[in-house]
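Taking it in order: structure first as structure tokens, then the write-up.
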Amino acid sequence: MAQGMDHSASAARSRHDAAIVQFPHQPALQLIYDTAPIGLACLSPDCRYLRINQHLTEICGISVEDHLGRFVRDCVPALADSVEQIVRSIVETGEPVIGVEVAGQRKDQPEDRFWITYWHPLRAAGGEIVAVNVAAEEITERKRAEQEMARAKDAAETALRHLRETQESLIEAEKLAALGRMVAGVAHEINSPVGSGLTVASSLQRKAELFAAEAARGHLKRSSLNEFVDLIQQASSQLVSNLNRAAERVQSFKQVALDQSQPHRRSFDASEMTEQVLSHLGRELRNRGIALKLRLEPALELDSFPGAFGQVLVNLVTNSLIHAFPDNRKGGIDIRLRPADADHIELLLADDGCGMTPEVKRQAFDPFFTTRRHQGATGLGLHIVHTIVTEKLGGRLKLTSEPGAGTSVQLVLPKVAPRAG
């Protein structure tokens, strides 16, 4: 029985080989096979190399002598399992296998190389599959280019992520800087009434000591009593007035700071919010000799984000201070707030400063663009304004400027800000 099985296998192998042996006697086909621009091979059903063309030996770094007639497993053990599985599938199903990528190393070159392969059954006259034709095209350069592109993409995405993180950090720093300017203004606004109150209280304290001494000596006169009572009334009135002013400043700043730090939406009066926010910049404006003119129509109720609204105001005014009035130039800023239509309000900020060239105007809202970098500007002020207005508040803005003719920024904001999502 064993001899019968060996004889049968030998006969099958002979038929396979005979089918291939007929191939060389067809000169035209042999020429095509040998000169094809891709690697070609023919494998028996038991995975022996029956034929290899010249191009395959070149791209794979192999020799015909070392492979022809030998099993794939003996020649390339690393690929044997995959090759045998593909050949077995073709023999069993009769279907070709297309576009299989193969990776490996040539003996003479240590770096990885890549091929894409196509596997088709070779049938005898009776229709039975006697071999499998394999076509291999080297795609090493393409794969390396793809890998380079993938690495470049990863590097670009990493750089973009770092840039965004840096930008977010700078934006937060810009917000804190704006809040710091407001703190300085609030400190001045509070210091004035508190200082006046302290002066009144000190004067009252001295008068009370003199009155108490006079009363202790028994020399108290009605006129002295009446004078002391009048003084107490005046001092009390001034103290209450100054303390109320300080309390109002503190309360105003607390609300603005809360809106800045907690970006929640709520209903608020746009005119009142504008006055509150800009009042904290009053000292800086006065020190710079910049007159601020407000024309705010009352009762402009918004269902929006007061912190974002205040941030826009602070950035616009600060941008004018830094860029519109260089070298301690004096001037004015005019802010107008009014209805635009039934569903929108218009906020217009105009200064009479130095204006912008067309090139500067074109880049004004670009992140990190500034003409005052040597003075510590980050180039994020107007970029933050644009981002907040268009993305957070759901509005639009328009910049108008000419060299020497000042700058105006028009904002049109919806009375009801868009809901997230």
Original post:
Taking segment 218-233 as the search range and keeping residues that are of a type in the set (D, E, K, R) and at pLDDT 80 or above, which one is surrounded by the fewest Cβ atoms within 10 Å (Cβ to Cβ)?
Top reply: 230
Subject >> Residue satisfying all of: in segment 15-44; crowded, with 19+ Cβ neighbours inside 10 Å and over 18 Å from residue 102 (Cβ atoms); modelled with the highest pLDDT among these >> reply: 44
Original post:
Restricting the search to segment 284-297, which residues are more than 16 Å from residue 313 (Cα to Cα) and part of a helix (DSSP H, G or I)?
Top reply: 286, 287
Original post:
Of all residues in segment 120-162, how many are within 41 Å of the chain's Cα centre (by Cα) and either closer than 18 Å to residue 43 by Cα or assigned to a loop (DSSP other than H, G, I, E, B) (or both)?
Top reply: 1
Original post:
If residue 346 passes every condition in (1) within 26 Å of residue 364 (Cα to Cα); (2) modelled with pLDDT of 85 or more; (3) over 33 Å from the mean Cα position of the chain (by Cα); (4) surrounded by fewer than 19 Cβ atoms within 10 Å (Cβ to Cβ) but one, which one does it miss?
Top reply: (3)
**OP:** Only residues that are surrounded by 15 or more Cβ atoms within 10 Å (Cβ to Cβ), at pLDDT 85 or above and out of contact with any Leu (no Cβ under 7 Å at 6 or more places or on another chain): list them for segment 45-71, please.
**Re:** 45, 46, 47, 48, 51, 71
**OP:** Of all residues in segment 298-323, count the ones that are part of a strand (DSSP E or B) and either within 30 Å of the chain's Cα centre (by Cα) or buried (at least 20 other Cβ atoms within 10 Å of the Cβ) (or both).
**Re:** 3
Original post:
Identify, please: which residue in segment 274-301 is modelled with pLDDT of 90 or more and aliphatic (A, V, I, L, M) and is, among those, nearest to residue 329 (Cα to Cα)?
Top reply: 290
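The values are calculated or read from the model by the stated rules, or taken from the named source; none is laboratory data. Because the structure is a prediction, the values reported are computed rather than measured. Neighbour counts run over all protein chains shown; Cβ positions are idealised from the backbone, glycine included.
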